[in-house]
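The values are calculated or read from the model by the stated rules, or taken from the named source; none is laboratory data. Source: prediction; values computed, not measured. Quick reminder, even Gly has a Cβ in these numbers, built from the backbone with ideal geometry, and neighbours come from all protein chains shown. Surface accessibility is based on the protein's heavy atoms, side chains included, excluding ligands, DNA and RNA. Shrake-Rupley method; radii C 1.70, N 1.55, O 1.52, S 1.80 Å.
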Amino acid sequence: MGSVQVVVIGGGIIGLTSAYHLARDGAQVTIVDARQTGRGASEVNAGWVCPAESGPVPAPGMVSQALRWMLRRDSPFYVRPSLDPSFLRFMLRMARHCNRADQRAGMEALMRLAEDTMGHLDTYADDGLTFEMHRDGLLVTFLGSDAMAAHLDHIDLAETAGLEPQVLEGDAVRDHEPALTEHVHGGVYYPHERHVDPASLGRALRAGCEAQGVRVVEAVPVDDVERDGDRVRAVSGGEQRFPADAFLLAAGAWSGPLARAFGANLPVRPGKGYSLDLPAHRLRRPTYLTEARVAATPLDGRLRLAGTMELGKLDERIDPVRTAAIGRAPGRYLRDWAVPSAAAIGAGLRPLTADGLPLIGRIAGLSNGYVSTGHAMLGLTLAPSSAEAISRLILRGEESSALEPFRPARL
């Protein structure tokens, strides 16, 4: 009996890690991507691998904050007004999850899913994958005591998970990170977090996949799904047809529209984020500028700023008003900050669900159709463990208890 043939639709960080794990577990894998692998949000994100910051997007106070920020195009969280019924339903569902109980339950589930991520990254390196990775921890900073208090309200979850957070107030945070200004009230340092250059990880995974025999097909948007009852026989893009034993939908923000071809309703919406690559800065380690909602990441030879959440359409166009706001954001946090006159700018669409949790598992109504999407801003953090779990489900029928909160059918 031959090995199981699997088609992975989407070549972002979720698709690449899934294909890598499936191939390593013995499957014959084909990746079909509408453009090049590793693009969009998979390459322009902050690069953080951060189980300690694995909170769902819906959070207490988010609705009122979003309403205030809707009047500002440069705000950290911006909702483009729309009367589309599906968009309105999504926003109403999201609003229902903006409470403390759902936030904490979501964090616990996400931290559990991410608990093996560091081990998987080390395994990738042992396998010979070459990518930029740092073990410098993560510092979360606050200008005000209220924002810090809100963060400390759920720090017990990180403590229980063994992430050993260190609370730093006043001068203690500047002793820890001398680049911070006197405006910074305090911070929390998570020593076990890591960061990577996401583009280098994407290239390494692509090379690792091909070394294991994965076929990579680019610039082919899937536009048709052949079904026979509860089984998918093949997917097609243009003149190319891809038959297989199993199919994994891992197309990020495009998963929602593509799911309809599988006969499924997966309410996934795009949330646009931006990144600015600047000359290297003296900042020692990845630092979150909480009130500004901006992540600052020192990478080899450069500093990356990443941030904003813009809910709207499948549109990767760059808004200079929003990128300029990211460039200004570190001014109150970092000493001698100069607003950049030029930067390498990127934009990507994060896949969002109304409850802030990914969709990982079998697609309802299909015996051989699966999905892994909706990871929002946690793609790098959750991708390895999501890939391990989905590979075991597809190839062995093993349903990990860690996937229970992420069942696609819940939505």
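Take R282, project a point 7 Å from its Cα along the Cβ direction, then tell me which residues of the range 166-198 have their backbone nitrogen under 17 Å from it.
Answer for the range 166-198: 173-184.
Under 5 Å between amide H atoms, partner at least 5 residues away or on a different chain: which partners does L352 have, H built in plane at 1.01 Å?
Residues meeting the amide H criterion: R269, G271.
Report the gain in length on full extension from V321 to D228: 0.36 nm times residue separation, minus Cα-Cα distance, nm rounded to one decimal. Don't skip to the end; give the middle numbers.
On the way: separation 93, 0.36 × 93 = 33.48 nm, distance 4.91 nm.
Full-extension gain reported as 28.6 nm.
I'd like to check one number: the per residue accessible area of the chain, probe 1.4 Å, reported in Å² as a whole number.
Accessible surface, normalised per residue, equals 41 Å².
Tell me the relative contact order for the chain as a rounded percent, counting alpha carbon contacts under 8 Å between residues six or more apart.
Values: 920 pairs, mean separation 106.8, N = 411.
Relative contact order here is 26 percent.
According to the Cα gyration tensor, what semi-axes, each the square root of 5 times an eigenvalue, does the equivalent ellipsoid of the chain have, listed from largest to smallest in whole Å? Could you put the intermediate results ahead of the total?
On the way: eigenvalues 239, 103, 83 Å².
That gives 35, 23, 20 Å for the three semi-axes.
Taking the Cα centre as origin and putting +1 on Lys and Arg beta-carbons and -1 on Asp and Glu beta-carbons, what dipole magnitude results for the chain, to the nearest 20 debye? Walk me through the intermediate numbers first.
Working: 44 positive and 49 negative charges, 256 e Å.
The dipole of the chain has a size of about 1220 debye.
Write down, largest first, the equivalent ellipsoid semi-axes of the range 244-333 in whole Å, where each equals the square root of 5 times an eigenvalue of the alpha-carbon gyration tensor. Please report the intermediate quantities before stating the final value.
Numbers: eigenvalues 228, 50, 23 Å².
For the range 244-333, the semi-axes come out at 34, 16, 11 Å.
Helix 100-114 versus the longest principal axis of the chain: what angle, 0 to 90°, nearest 10, using Cα atoms?
Result, in degrees: 60.
So what does log10 I(q)/I(0) come out to for the range 96-144 at q = 0.16, 0.19, 0.27 Å⁻¹, using the Debye formula with one equal point on every Cα and no solvent?
-0.74, -0.86, -1.02
With the Cα gyration tensor of the range 60-185 giving a ≥ b ≥ c as the square roots of its eigenvalues, does the rule (a/c under 1.5 for rounded; else a/b larger than b/c for prolate; else oblate) give rounded, prolate or oblate? Working shown, then result.
On the way: a/c = 1.78, a/b = 1.28, b/c = 1.40.
Oblate, because a/c is 1.5 or more while a/b does not exceed b/c.
Restricting to bridges with both residues inside the chain, how much of the DSSP beta-bridge set is antiparallel, in percent to the nearest 5? Please report the intermediate quantities before stating the final value.
Details: 53 of 74 bridges.
Here the share of antiparallel DSSP bridges comes out near 70 percent.
State, to one decimal in nm, how far the label point of S82 lies from the label point of D336, with both points 7 Å from Cα in the Cβ direction.
4.5
Give me the percent of accessible area attributable to carbon and sulfur for the range 203-264, probe 1.4 angstrom.
On the way: 1320 of 2940 Å².
On the range 203-264, the fraction of accessible area on carbon and sulfur atoms equals 45 percent.
Report, in deg cm²/dmol and to the nearest 500, the calculated mean residue ellipticity at 222 nm for the chain, where each DSSP H run with n ≥ 4 adds -39500 (n - 2.57) and the sum is divided by the residue count.
Numbers: 13 runs with 129 residues, N = 411.
Estimated from H runs of four or more residues: -9000 deg cm²/dmol.
Would you please name the GluC sites (Glu not before Pro) within the range 116-225 that are DSSP coil residues with at most 11 other C-beta atoms within 10 Å of their C-beta? Working shown, then result.
Values: sites: E132, E159, E169, E182, E193, E210, E218; in loops: E132, E182, E193, E218.
Answer by residue number: E182.
Does anything in the range 186-209 have its amide N under 16 Å from the 7 Å Cα→Cβ label point of D127, and if so which residues?
Answer for the range 186-209: 200-209.
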